[in-house]
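Below is one structure; the comments refer to it alone.
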Amino acid sequence: MSNTPPPPEAHPPPLRQSLIRRGFSSLRELGLRRSFETVLSHCEDLLFDFSNLTETYARVHQSELRVDSPNQAEAAPYFPTRGRAFRKALEHFAIPAEGGFVDLGSGKGKLLILAAQYGFRRVLGVEFAAELNQIAIRNLDAVRTRLNGAMVQSLCIDAAEYQFQPDEQMFFMFAPFHENVMRRVMSNLQRSIDEHPREIRLLYTLPRLIHIVTQDLHVQEQGRYQYGGHEFVLLGNGPR
């Protein structure tokens with residue numbers, strides 16, 4: 001995969017025109033309620049960064065990153081899960097804050113902060129891009145006193161190489177990688193469950209590869225939830 005950024009548009013539309021276009025597109029695709037939820041989510045994320053002196057909001061394309069991994073072509077761009085949507089999903093599914101929480105493709109670490117504030121005591125981010133991981137570490141340092149005493153860490157490691165730990169029970173993914181890496185990650189997680197039997201939950205948004213997840217990981221779909229532009233699927237190997 002080339003690391004050369006795509007060329008800019010020859011005549012990019014004015015900001016006002018772009019925002020209006022996106023607004024009409026959102027109304028057409030999501031409807032009034034979910035469009036309003038999207039606006040609330042964006043405003044809350046901007047306020048989060050402003051009040052916490054963090055940097056989580058801006059998107060980053062893979063072509064902008066220098067990654068020492070043969071799996072970079074399998075990775076999706078960094079696009080932050082909206083914090084409000086994530087919290088609403090945890091509350092909707094009444095997810096217990098039990099065991100370790102792992103964000104696979106954790107980017108700039110926003111959800112690590114929110115998972116700790118939700119109540120998880122051990123929170124881990126798995127991110128293969130060193131630039132994003134360094135931003136995540138800075139973000140965590142900025143809010144360390146607001147993490148409810150949780151142990152929160154962001155690791156710079158390829159998810160396909162990560163060795164899952166026996167206490168990890170809650171997992172999150174926002175379409176972080178394509179088919180080949182997804183199969184390896186799910187197979188590694190299933191191996192960990194076979195070796196250390198436990199009940200796990202996986203919250204998956206933009207679930208384009210859910211068929212691979214359910215093929216390679218012994219879980220069943222337990223529910224769906226939509227908030228703003230996000231669709232969340234909860235999968236697990238235990239009773240709902």
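Quick note: the coordinates plus some simple rules give every number you see, no bench work behind them. In this text the structure is predicted, and so the values were computed from the model without any measurement. Every residue, glycine among them, receives a Cβ derived from its backbone with ideal geometry; neighbour counts consider all protein chains shown.
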Report task. Note down the nm distance, to one decimal, between modelled labels 7 Å out along Cα→Cβ at ASP194 and at ILE157. Result -> 2.0
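Multiply the residue gap between CYS43 and PHE79 by 0.36 nm, knock off their C-alpha separation, and tell me the result in nm, one decimal place.
Contour length minus Cα-Cα distance gives 11.4 nm.
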Query raised in the report: In the range 114-150, which chymotrypsin sites (Phe, Trp or Tyr not before Pro) fall in coil by DSSP and have 14 or fewer other Cβ atoms within 10 Å?
Result: none
Query raised in the report: So what J values fall out for the range 184-189 if you push phi through Karplus, 6.51 cos²θ - 1.76 cosθ + 1.60 with θ = phi - 60°, rounded to Hz, Gly and Pro as x?
Result: 5, 5, 5, 5, 5, 5
Report summary line: Given backbone amide H placed at 1.01 Å from N, residues whose amide H is under 5 Å from that of TYR227, ignoring those fewer than 5 places away on the same chain, are PHE232
Query - Under Karplus coefficients 6.51, -1.76 and 1.60, residue-wise ³J(HN,Hα) of the range 122-127 in Hz, glycine/proline x - result: 10, 10, 10, x, 10, 9
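Set the Förster radius R0 to 22 Å, insert the Cβ-Cβ distance between THR214 and ASP167 as r into 1/(1 + (r/R0)^6), and round the FRET efficiency to 0.05.
On the way: r = 24 Å, r/R0 = 1.09.
Working from the Cβ atoms, E equals 0.40.
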Report summary line: For the range 118-204, shape from the Cα gyration tensor axes a ≥ b ≥ c, cut at a/c of 1.5 then a/b versus b/c, turns out oblate
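Based on the Cβ-Cβ distance from PHE36 to ASN180, what FRET efficiency comes out when R0 is 30 Å, to the nearest 0.05?
Numbers: r = 38 Å, r/R0 = 1.27.
FRET efficiency, PHE36 to ASN180: 0.20.
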Report summary line: In whole Hz, the Karplus estimates of ³J(HN,Hα) for the range 103-111 (6.51, -1.76, 1.60; θ = phi - 60°; x where Gly or Pro) are 9, 8, x, 7, x, 8, x, 4, 6
Report summary line: Once both label points are put 7 Å beyond Cα along the C-beta direction, the ARG146-LEU53 separation in nm becomes 1.2
